[in-house]
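First up is the structure itself, then whatever we jot down about it.
Nothing in this text is a laboratory measurement; each read-out follows from the coordinates by a stated rule. Values in this document were obtained by computation on a predicted structure and should not be read as measured data. Methodologically, a virtual Cβ is constructed for each residue, glycine included, from the backbone with ideal geometry; neighbour enumeration extends over all protein chains shown.
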Amino acid sequence: MIDRQRRTVLGGLGGAALYLAVQRLFAAGQVEKGVYSVRGEASINGRPARPGMDVLPGDTVITGRDGEVVFVIAADAMLVRGSSRVEISGGAGAIVATGARILTGALLSVFAPGQPKVLRASTATIGIRGTGIYIESDADRTYVCTCYGEAELAANSDPAAREIVRSTHHDQPRYVMATGAPQMLMTAPVINHTDAELTLLESLQGRKPPFADSSEPRY
């Protein structure tokens, strides 16, 4: 496992520096399990989150305003932002998650290829398979960036309002709106997540994101 000193160093880096640091970890081929890092206030099922703690299907992850937690579940990896409540989907006793429910806040996640998942947010339901994706869940809209891979987006208030998004590098971010909006799915900018973070999450599974061979991250 990656030791606590490396966790501390990586946690203090940002942008291009973090991107380069995690690139050097790919050669190790080691997979981190459970909670990888914690910043600020964060809990798993009401217990303070700490490195090494298990996160399993059925668990609830909550972060305070200054909180952030990174964790691994089977072949997937997730980063929960501050002021978030995320429920990991899956049957009792399961090891592999079937998705997640983002009740409030934001989730950045990378998933193993070939495993279908469903992510549910305030105004959207997203079906994915082997995708890197970032979601912010607010009462009036959900932000969805399919960072790479394929996702099917559907508005919760109007299931007929849906779109299949295919992306290689943050190509088609969307807002999925709540009931009453004149347009349910709208084009959005790339916001609040980085290539360095995606690279870190994939590295915890010994993988590289599709953009890893480019000279430097764009986001």
Inset, instruction - Report the label-to-label distance for Ala94 and Asp158 in nanometres (one decimal), using points 7 Å from each Cα along the Cα→Cβ vector. - result: 3.1
Inset, instruction - Subtracting the Cα-Cα distance from 0.36 nm times the residue separation, let me have the gained length for Gln172 to Tyr219 in nm, one decimal. - result: 15.5 nm
Legend entry - Leading residue at positive end of dipole, the stretch 49-108 (Cβ point charges), from Val86, Leu56, Gly99: Val86
Legend entry - Projected-area mean, the stretch 33-192, by convex hull of Cα positions, square nanometres: 8.7
Inset, instruction - Evaluate the distance, in nm, between pseudo-label points positioned 7 Å from the Cα of Asp140 and of Thr104 along their respective Cα→Cβ axes. - result: 1.7
Legend entry - Pairwise FRET efficiency - Arg39 versus Glu150, Cβ, R0 = 41 Å, nearest 0.05: 0.85
